[in-house]
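Undergrad: Take a look at the following structure, please.
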Ligand SMILES: *Cc1c(COP(=O)(O)O)cnc(C)c1O
């Protein structure tokens with residue numbers, strides 16, 4: 001139940017007093033503006049640095065310094081098993097078994113690798129459905145994937161665009177297109193949340209519809225993991241990948257995460273591009289011919305664990321675990337609803353919130369579409385110590401991440417818009 005919102009600083013501060021997650025703000029470094037912490041609503045792009053990361057990096061530097069190659073087997077976090085340290089928390093975040101998740105590389109690389117495992121086009125079944133206006137990297141990945149198989153992207157890729165007069169998609173519309181594509185459909189590759197509109201899709205219903213026509217359901221969860229709790233295992237999702245530098249606060253270019261459903265990971269015959277990190281540690285150092293994959297998601301690991309690229313994630317997951325993703329989501333729903341309430345009080349600037357009003361169809365982010373003056377307004381916000389981002393042609397994305405943003409931050413943001421326009 002959401003409280004009756006009021007457009008006042010007292011109300012915002014009162015909400016912060018009652019917020020069980022309020023103290024988590026102190027665990028993060030904030031960029032400074034006029035010697036004050038900035039209001040940071042850009043966690044959908046790059047999460048803030050947990051204060052604990054520096055010491056965690058120092059620990060691994062010391063292991064390297066003192067144990068050198070011995071660090072693979074000894075020290076506080078033997079590197080040989082580094083992925084294992086991340087699995088319990090990742091599994092909790094996406095609703096998976098620990099055997100279904102792992103971390104490696106980065107998001108787009110992992111999308112390529114997973115799609116190469118799951119996309120097996122035939123003469124009759126080769127189509128891929130994705131949302132129109134997907135994140136460009138995903139568009140390029142799918143386009144080059146189908147070309148790799150000698151197919152024409154125009155024939156092979158079906159993009160679902162909003163209906164006339166709409167900014168977002170309806171689940172019925174998506175399901176209808178899946179059903180109509182029928183046996184020609186090989187795979188659905190959807191963003192879990194569209195990065196531009198902020199719409200969160202109904203992954204469970206999309207997966208069920210996809211399976212009904214005998215196709216594979218894969219998702220890019222870049223904007224979802226650490227933002228909205230998921231149940232990938234129970235929803236029967238085939239595979240998913242995400243990055244760790246947005247809502248997971250693991251740092252720029254941090255290691256990517258992925259999920260592969262149990263029914264696939266136990267199948268050693270699943271096609272994949274392999275490397276020595278994907279086979280059993282007991283076999284790995286025999287250096288023998290013939291790849292025998294691990295029968296869990298790590299069976300897709302290829303290269304030596306990139307330890308320094310995982311340290312930030314390990315440190316950050318510790319914090320997220322304490323905060324609990326369900327508690328974070330509850331706060332996030334209230335915080336974003338408060339933002340929406342305040343924005344709707346502004347009558348001197350004209351904009352449209354293109355993110356769905358339904359809380360079940362959005363995460364932390366609201367996307368504001370300005371027909372005019374978007375750049376102006378964005379600049380004014382930056383000048384006043386509010387960090388949000390701008391996306392052409394006129395969208396300002398505002399994402400109060402619940403771990404380190406407060407109701408007072410949201411109120412201050414509103415006040416700046418109210419007083420300057
Ligand atoms: C952030 C994001 C990416 C970025 O991919 P990288 O390979 O990590 O650079 C890709 N897809 C989506 C949907 C994103 O939101």
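Undergrad: What residue, of 94, 101, is in the same structural domain as residue 261 (by TED's automatic domain parsing) and within 16 Å of the ligand (Cβ to nearest atom)?
TA: Among 94, 101, only 94 is in the same structural domain as residue 261 (by TED's automatic domain parsing) and within 16 Å of the ligand (Cβ to nearest atom).
Undergrad: Restricting attention to region 22-36, report how many residues are surrounded by 16 or more Cβ atoms within 10 Å (Cβ to Cβ) and free of Cβ contacts under 8 Å to residues at least 40 places away in the same chain.
TA: Residues that pass the stated criteria total 0.
Yes/no per residue for (1) buried (at least 22 other Cβ atoms within 10 Å of the Cβ); (2) within 26 Å of residue 401 (Cα to Cα):
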| position | (1), (2) |
| --- | --- |
| 192 | yes, yes |
| 197 | yes, yes |
| 201 | no, yes |
| 217 | yes, no |
| 220 | yes, yes |
| 224 | yes, yes |
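Undergrad: Moving on to the next point. If you scan region 12-36, which residues turn out to be touching a strand residue (DSSP E or B) at 6+ places or on another chain (Cβ under 8 Å) and either farther than 23 Å from residue 324 by Cβ or outside any helix (DSSP H, G or I) (or both)? Break it down stepwise before answering.
TA: Just the residues of region 12-36 that are touching a strand residue (DSSP E or B) at 6+ places or on another chain (Cβ under 8 Å), to begin with: 27-31.
Within region 12-36, 28, 29, 30, 31 meet the criteria.
Undergrad: Could you say which residue among 216, 206, 260 is away from the ligand (no atom under 12 Å from the Cβ), over 14 Å from the mean Cα position of the chain (by Cα) and within 24 Å of residue 358 (Cα to Cα)? Spell out the reasoning first.
TA: Working: 216 fails: within 24 Å of residue 358 (Cα to Cα); 260 fails: within 24 Å of residue 358 (Cα to Cα).
None of the others qualify; the one that does is 206.
Undergrad: Follow-up. Out of 136, 121, which single residue is at pLDDT 95 or above and under 23 Å from residue 168 (Cα atoms)?
TA: Matching residue, one of 136, 121: 136.
Undergrad: Further question on the same structure: Restricting to region 107-140, name every residue that is within 16 Å of the ligand (Cβ to nearest atom), outside any helix (DSSP H, G or I) and surrounded by fewer than 18 Cβ atoms within 10 Å (Cβ to Cβ).
TA: Correct list: 132, 133.
Undergrad: A further question on this structure: Based on this model, can you work out whether residue 266 counts as buried (at least 24 other Cβ atoms within 10 Å of the Cβ) and away from the ligand (no atom under 16 Å from the Cβ)?
TA: no
Undergrad: List pairs: first residue in region 343-357 and within 12 Å of residue 377 (Cβ to Cβ), second residue in a loop (DSSP other than H, G, I, E, B) anywhere in the structure, Cβ distance under 7 angstrom, at least six positions apart or on different chains.
TA: 348/421; 349/421; 350/371; 351/370
Undergrad: Of the residues that sit in region 278-308 and are surrounded by 14 or more Cβ atoms within 10 Å (Cβ to Cβ), in contact with a strand residue (DSSP E or B) (Cβ under 9 Å, 6 or more places away or on another chain) and touching a residue at least 60 places away in the same chain (Cβ under 8 Å), which one is nearest to residue 51 (Cα to Cα)?
TA: Here the answer is 306.
Undergrad: Next question. Within region 356-376, how many residues turn out to be crowded, with 22+ Cβ neighbours inside 10 Å and either at pLDDT below 95 or not assigned by TED's automatic domain parsing to the domain that holds residue 338 (or both)?
TA: Matching residues across region 356-376 total 0.
Undergrad: Could you list, in sequence order, all residues of region 236-276 that are at pLDDT 95 or above, touching a helix residue (DSSP H, G or I) at 6+ places or on another chain (Cβ under 9 Å) and not in a loop (DSSP other than H, G, I, E, B)?
TA: The answer is 239, 240, 241, 242, 256, 257, 258, 259, 260, 262, 264, 265.
Undergrad: Let me ask another. Starting from region 123-148, keep only residues that are farther than 19 Å from residue 223 by Cα, then list their pairs with residues that are within 16 Å of the ligand (Cβ to nearest atom) and in a helix (DSSP H, G or I) whose Cβ atoms are within a distance under 8 Å, requiring at least 6 positions of separation or different chains.
TA: So the pair list comes out as 128/142; 128/145; 145/112; 145/115; 145/116.
The values are calculated or read from the model by the stated rules, or taken from the named source; none is laboratory data. Since the model is a prediction, treat every value here as computed from it, not as a measurement. All Cβ positions, even for glycine, are placed from backbone atoms using ideal geometry, and neighbour counts span all protein chains on display.
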